[in-house]
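Here's the structure, in structure tokens; my notes come after.
The values are calculated or read from the model by the stated rules, or taken from the named source; none is laboratory data. Values in this document were obtained by computation on a predicted structure and should not be read as measured data. A quick note on method: Cβ atoms are made from the backbone with ideal geometry, for glycine too, and the neighbour counts reach across all protein chains shown. Side chains are part of the model used for accessible areas, which takes the heavy atoms of the whole protein and leaves out ligands, DNA and RNA. Shrake-Rupley method; radii C 1.70, N 1.55, O 1.52, S 1.80 Å.
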Amino acid sequence: MRITGARVVVTSPGRNFVTLKVETDEGVYGVGDGTLNGRELAVASYLADHVVPMLEGRDPADIEDTWQLLYKGAYWRRGPVTMAAIAAVDMALWDIKGKVLGTPVYNLLGGRSRKGVLCYGHASGRTIEDTVEQVLRLREEGYRAIRAQCVVPGIDNMYGTPRGDVSGQRPDLPFVEDGWSTEKYLRFAPELFARVREAVGFDVHLLHDAHHRLTPAEAGWLGKRLEDHQLFWLEDAVPAELQESFRVIRQHTTTPLAVGEVFNSLYDCHQLIREQLIDYVRASVVHAGGITHLRKIAHFAEPYHVRTGCHGAADLSPVSMAAALHYGLATHNAAIQEYGHHSEETLEVFPHAWSFADGYLHPGEAPGLGVDIDESLAAKYEYQRGYLPVSRREDGTVGSW
Ligand code: EZ4
Ligand code: CO
């Protein structure tokens, strides 16, 4: 069997997605996600201009060799654009392998490790009452794990709340969320979780995303004050370019720590894992080099008691979600999966076998990844330029969004 070609499809059913479709001489094809929020066309070009010509004539069964070829063969290593492109190819090849063998991809990864993939939904309120109400509603819908975010009084636009944005794309210049105040946030967050716990008790997992806003000392302070509310995790407390900075947080709190939705490879988190500075790696199948590389991160992490909790916001396409669920069902230390809801239009463009029931996601039993792209429908949604928001502090300096 040979790869005859591959096509990059960019579609925007509410937000932009980059999909790679790899075709073979036997008519079987595979799909992969290469979406990089706000930088979609860079991946589309990297794929179409540089990667696709390297695929033609190769045997689609040689997934590891293709991965190494694209990684080492580029000479330039890592980076979000390159790794998302490699991920798109990798997912498509796993999809093809499953279809050829007539079995779901999870079966090729060792089979089922669990009955379903625990997932968490998003509660996002303007007030604490509003947030509590949303947590209760999600629990009613069957969620066993819920991320709670809430507007901090005095900060009008902030990440993860109805007034700010979760994974938004705005046309033209980046939307500025200004007036960030760490002090206001730190005073507010423990109160939020005290009130949420009071209302829902302890039979549901609660998570929170600080979205890279704190210093290590501030994160330690917050983690300590959240301990009694028993969070499943505190996410992205500080940016993780400097892996050793997590030592400071770890010395001050036992609140479980998750980080790394922006990671591209094991090299971004090897120290965090080896020194047991975190509990969960957030690396995702699309941004960390596909199923092949994400599995290596998970296997490396396993002896260090580090598990994965993959990024799964709505900007990761339903193709990514399918790949993440095959990975998650099979991989022993895949603890939880983020489940950001896609729009109806998006779900129509990407017919899928995966489903949600009773707090768990399941990849389904279709051969391969069990996900497809409806190209004629996709063609109706033209690419729209979109940027992620930018965060500025009270004094006007640019912060981490
Ligand atoms: O900011 O998906 O945990 N989820 C997140 C997301 C990310 C966006 C970035 O594209 O932090 O909302
Ligand atoms: Co996050």
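Summary of values
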read-out	value
ASP59-LYS72 pseudo-label distance in nm [points 7 Å out on the Cα-to-Cβ vector]	1.8
222 nm mean residue ellipticity, helices alone, for the chain (DSSP H n ≥ 4; -39,500 (n - 2.57); rounded to 500)	-10000 deg cm²/dmol
Within the chain, percent of DSSP bridges classed antiparallel, to nearest 5	45
More than 24 Å apart - percent of Cα-Cα pairs taken over region 301-401	40
Per residue accessible area of region 348-401, 1.4 Å probe, in Å²	52
Cα-projected label distance for VAL398 with LEU173, points at 7 Å along beta-carbon direction, nm	1.3
Per-residue SASA entry for ILE63, accessible area with 1.4 Å probe, Å² rounded to 10	10
Difference of contour (0.36 nm per residue) and Cα-Cα distance, GLU133 to SER113	3.8 nm
Rough spin-label spacing in nm, given labels placed 7 Å along Cα→Cβ, for GLU141 and GLU382	3.3
Three semi-axes of the equivalent ellipsoid, region 3-105, Cα gyration tensor, whole Å, largest first	21, 17, 12
Carbon + sulfur, % of accessible area of the chain - ligands and nucleic acids excluded, 1.4 Å	50
Accessible surface, region 3-105, averaged per residue in Å² (probe 1.4 Å)	37
Among HIS305, HIS208, HIS122, residue whose mean-square fluctuation peaks in a GNM of the chain (springs only between Cα atoms under 10 Å)	HIS305
Along each principal axis, Cα extent of region 219-351, largest first, Å	47, 29, 25
Contour excess over end-to-end distance, with Cα ends at THR4 and GLU26 and 0.36 nm allotted per residue	7.0 nm
Cα-based convex hull, the chain, per residue volume (Å³, whole number)	127
The chain - percent relative contact order, Cα under 8 Å, separation 6 or more	23
Inter-part distance where region 177-256 and region 77-140 are each reduced to a Cα centre, Å	24
Accessible surface, region 185-280, averaged per residue in Å² (probe 1.4 Å)	40
Candidate aspartates and glutamates for bridging to LYS97, where Cα separation is under 18 Å - those fewer than 8 sequence places away on the same chain excluded	GLU23, ASP25, GLU26, ASP33, GLU56, ASP59, ASP62, GLU64, ASP65, GLU365, ASP372
Gaussian network model of the chain, springs between alpha carbon atoms under 10 Å - residue of ASP62, ASP372, ASP178 with greatest fluctuation	ASP62
